[in-house]
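Take a look at the structure set out below.
Rule-based calculations on the coordinates, nothing more; no lab input. No experiment lies behind these values; they were computed from the predicted model shown. In this analysis, Cβ positions are derived from the backbone assuming ideal geometry, glycine residues included, and neighbour counts consider all displayed protein chains.
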Amino acid sequence: MKPISSSAVSADCSVSVNRVILVGNVGADPRMRHVDKIPVAEFSLATTDPAHQGPNGTMIPERTEWHNLVMWGDKAELAERYIRKGTKLYVEGRLRYRTWQDHNAIKRTVAEVAVDKVDILQRGASV
């Protein structure tokens, strides 16, 4: 894949990228629901940056980030069948933001990864 040069980007201002690549462990079994009879799987994925020494010599502790994943259609059915808590996944997708009002009329927003591709790298204990 050839990288995009800065001159190519400035020549075409319509270029944009929304791509997320994650490798991590599933935090809980997928929750299944249906939207207009289409299966939807939702679950969390943990990625961890290891502890390391900062430039000034101080130790920076391990840091875990939790990502909300959403899979639709056939991918959701695959998640329901094969993905369990502890499963290690490779995921590619797009970052999406969803906003709604809760029962107290408070506006809520969540960031989610809409999964385009998933590979099971290691099965969880209960699969």
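Below is a table of values for the structure above.
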| quantity | calculated |
| --- | --- |
| Selected residue (criterion: nearest to LYS117 (Cα to Cα)) from residues of region 43-91 that are among the small types (Gly, Ala, Ser) and in a loop (DSSP other than H, G, I, E, B) | GLY73 |
| Residue satisfying all of: in region 62-79; out of contact with any Pro (no Cβ under 6 Å at 6 or more places or on another chain) and either in contact (Cβ under 8 Å) with a residue 40 or more places away in the chain or aliphatic (A, V, I, L, M) (or both); farthest from GLY24 (Cα to Cα) among these | TRP72 |
| Top-ranked residue of region 44-61 - restricted to ones that are without any contact (Cβ under 8 Å) to a residue 24 or more places away in the chain and within 27 Å of ARG31 (Cβ to Cβ), ranked as nearest to the chain's Cα centre (by Cα) | ALA46 |
| Members of region 19-78 that are loosely packed, with under 11 Cβ neighbours inside 10 Å, closer than 17 Å to VAL91 by Cβ and of a type in the set (D, E, K, R) | ARG19, ASP74 |
| Residue that is exposed (fewer than 10 other Cβ atoms within 10 Å of the Cβ) and small (Gly, Ala, Ser), where the choices are ALA114, ALA105 | ALA105 |
| Long-range neighbours under 9 Å by Cβ, at least six apart or interchain, first residue over 24 Å from ASN25 (Cβ atoms) within region 91-113, second part of a loop (DSSP other than H, G, I, E, B) and among the acidic types (Asp, Glu) | ARG108/ASP102 |
| Selection count where residues are closer than 18 Å to THR87 by Cβ and either in contact (Cβ under 8 Å) with a residue 24 or more places away in the chain or β-branched (Val, Ile, Thr) (or both), scope region 21-38 | 11 |
